[in-house]
Amino acid sequence: MKHIVSQGGDCAQFFSDYITADRKVLCIATLGFNDICLNFPQALAGFPQVDFLLLVEDRPEVSEVLRAAAARNQEVLLKALAHRKVVFEKIEIVASDDTANVAGRRAAQACKKALQENYTDVFIDASSMSRGVCFPVVKYVFEQSKKPGHPSAHVMTAGRNRSTIKAQSTSSDSPQFVHGFQGVMDTHQMDKAIKLWIPQLSENAGTSLSRIQSKLAPDETCPILPFPSWDPRRSDKLLKEFQGPFLDDWNVNLLDVIYAHESNPMDVCTTIMRIHRSRTDALSASCTVPSVTVLSPSGSRIGSVGMLLAALEQDLPIMYEESIGYHSPMSSIPELSQDPPEHLWHIWLRP
């Protein structure tokens, strides 16, 4: 797989040069409570060749102030996309009858339905899309792009150093593999596999990641710390927060900690691929049992996109816990951000 990457202001230039009159583009984005979800749809609103599929992630436990923020964002988008083709699709995250995680399957089905039209390109905005929705959608579109006559796959993501929304997620308390990213895990051939676990560390994720570690039972753990970061002390704070798991349960050697750029998905991707390839080459020459690298995204969407790219490139499994709700201490909706996001990425996935 080849990556054609645009960053910052180059994203707008790429759109202007690439989206010509002979193209028909579908933008798949999420309508969320964070106004970061507005950036790329608004940037593409001026192109008459672009249609929009806006996924509305439906969770059972969401604070009213966050629902109000999402409704405000919907009004803003409808105004910006007044003359475009826009489809809203509700994606049920948890099944109402048995509370099973159905996010990935429902998102993939919605994507498959939308691609029945003859598009030349699909742009997927991962900025505010949950991993359980985003990862299966990107994989489905990328796999389709390998077939002759099918649309090219693009991933976009935007990020801010400081979010305008204060929200805390409620985890499902049930670690599982992302839909489409399980591979041969949980099969007999992996019973004795040598497992390397690479979790992405983020604030307040210790309990969730510890449940994943307990279920996965890896032989080695190499956590990813965000460095460089807009907050130079962030890695130090995370090391302090995860000191207990590192020393007591995860058995992490501090020499095995991975440092990857907080706001550069390509740095995260290349770092993971380098480690995976080196480890696979070394173990294949000396071991008769298989080896596997398992990823666990957490925190920054930009870093998670880097994990997604590495998983697509190397066919790596991804284990996570889905968020079934969001709660906020805010009493009112904050004003829309007037400043553009500090970080913008567009990545064209070429088979």
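The values are calculated or read from the model by the stated rules, or taken from the named source; none is laboratory data. This structure is a prediction, so every number in the text was calculated from the model and none was measured. Using ideal geometry, Cβ is built from the backbone for each residue, glycine included, and neighbour counts are taken over all protein chains shown. Just the protein is used for accessible areas: all its heavy atoms, side chains included, with ligands, DNA and RNA removed. Shrake-Rupley method; radii C 1.70, N 1.55, O 1.52, S 1.80 Å.
Is it the case that Val178 is of a type in the set (Val, Ile, Thr) and touching a Lys or Arg at 6+ places or on another chain (Cβ under 7 Å)?
Judged against the criteria, Val178 is a match.
How do the strands (runs of 3 or more DSSP E) wholly within region 1-75 filter down when requiring 3 or more residues that are within 30 Å of Ser332 (Cα to Cα): which remain?
In region 1-75, 25-30, 50-58 are the strands (runs of 3 or more DSSP E) which contain 3 or more residues that are within 30 Å of Ser332 (Cα to Cα).
If only one of Asp17, Asp35, Asp51 is on the phi < 0 side of the Ramachandran plot and without any contact (Cβ under 8 Å) to a residue 12 or more places away in the chain, which one is it?
Residue meeting the stated conditions: Asp17.
Which residues, counting only those in region 127-163, are crowded, with 16+ Cβ neighbours inside 10 Å, of a type in the set (Ser, Thr, Tyr) and more than 18 Å from Arg23 (Cβ to Cβ)?
Hits for region 127-163 are Ser127, Ser128, Ser130, Tyr140, Thr157.
If you take just the strands (runs of 3 or more DSSP E) that sit entirely in region 116-190, which of them hold at least 3 residues that are polar (S, T, N, Q)?
168-171
Residue-wise test of (1) open to solvent by less than 80 Å² (accessible area, probe 1.4 Å); (2) farther than 13 Å from Gly299 by Cβ.
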site: Ser202; (1), (2): yes, no
site: Thr207; (1), (2): no, yes
site: Ser210; (1), (2): yes, yes
site: Gln213; (1), (2): yes, yes
site: Leu216; (1), (2): yes, yes
site: Leu225; (1), (2): yes, no
site: Pro228; (1), (2): yes, yes
site: Ser235; (1), (2): yes, no
site: Leu238; (1), (2): yes, no
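Determine, yes or no, whether Asp173 is at pLDDT below 95, open to solvent by 10 Å² or more (accessible area, probe 1.4 Å) and under 28 Å from Ser284 (Cβ atoms).
So Asp173 fails the test.
List the number of the failed condition for Leu225; all other conditions in (1) at pLDDT 95 or above; (2) part of a helix (DSSP H, G or I); (3) farther than 19 Å from Phe177 by Cα hold.
With respect to (1) at pLDDT 95 or above; (2) part of a helix (DSSP H, G or I); (3) farther than 19 Å from Phe177 by Cα, Leu225 is out only on (2).
For the list (1) of a type outside the set (S, T, N, Q); (2) open to solvent by less than 30 Å² (accessible area, probe 1.4 Å); (3) touching a helix residue (DSSP H, G or I) at 6+ places or on another chain (Cβ under 6 Å), I need the number of the one condition that Ile333 fails.
(2)
Looking only at region 156-164, decide whether some residue is in contact with a strand residue (DSSP E or B) (Cβ under 7 Å, 6 or more places away or on another chain), of a type outside the set (D, E, K, R) and farther than 30 Å from Tyr119 by Cβ.
So far as region 156-164 goes, no, none of its residues is in contact with a strand residue (DSSP E or B) (Cβ under 7 Å, 6 or more places away or on another chain), of a type outside the set (D, E, K, R) and farther than 30 Å from Tyr119 by Cβ.
Quick one: is Asp51 out of contact with any Ser or Thr (no Cβ under 8 Å at 6 or more places or on another chain), of a type in the set (Asp, Glu) and open to solvent by 40 Å² or more (accessible area, probe 1.4 Å)?
No.
Quick check on Phe123: is it within 16 Å of the chain's Cα centre (by Cα) and over 15 Å from Ile302 (Cα atoms)?
So Phe123 fits the description; yes.
Starting from residues that are more than 17 Å from Gln200 (Cα to Cα), part of a helix (DSSP H, G or I) and of a type in the set (Ser, Thr, Tyr), keep the ones in region 278-305 and report whichever is least open to solvent (accessible area, probe 1.4 Å).
Thr280
What residue, of Ala95, Ala82, is open to solvent by 60 Å² or more (accessible area, probe 1.4 Å), free of Cβ contacts under 8 Å to residues at least 12 places away in the same chain and not aromatic (Phe, Trp, Tyr)?
Ala82
If we keep just the residues of region 247-276 that are assigned to a helix (DSSP H, G or I) and modelled with pLDDT under 95, which is least open to solvent (accessible area, probe 1.4 Å)?
Of everything passing the filter in region 247-276, Asp256 is least open to solvent (accessible area, probe 1.4 Å).
So that you can scan it fast, the table gives a plain yes or no per residue for (1) modelled with pLDDT of 95 or more; (2) farther than 22 Å from Gly46 by Cα:
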position	(1), (2)
His83	no, no
Ser96	no, yes
Thr99	no, yes
Glu117	no, no
Ala126	yes, no
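Looking at (1) open to solvent by less than 50 Å² (accessible area, probe 1.4 Å); (2) touching a Ser or Thr at 6+ places or on another chain (Cβ under 7 Å), which one does Glu61 not meet, given that it meets all the others?
(1)
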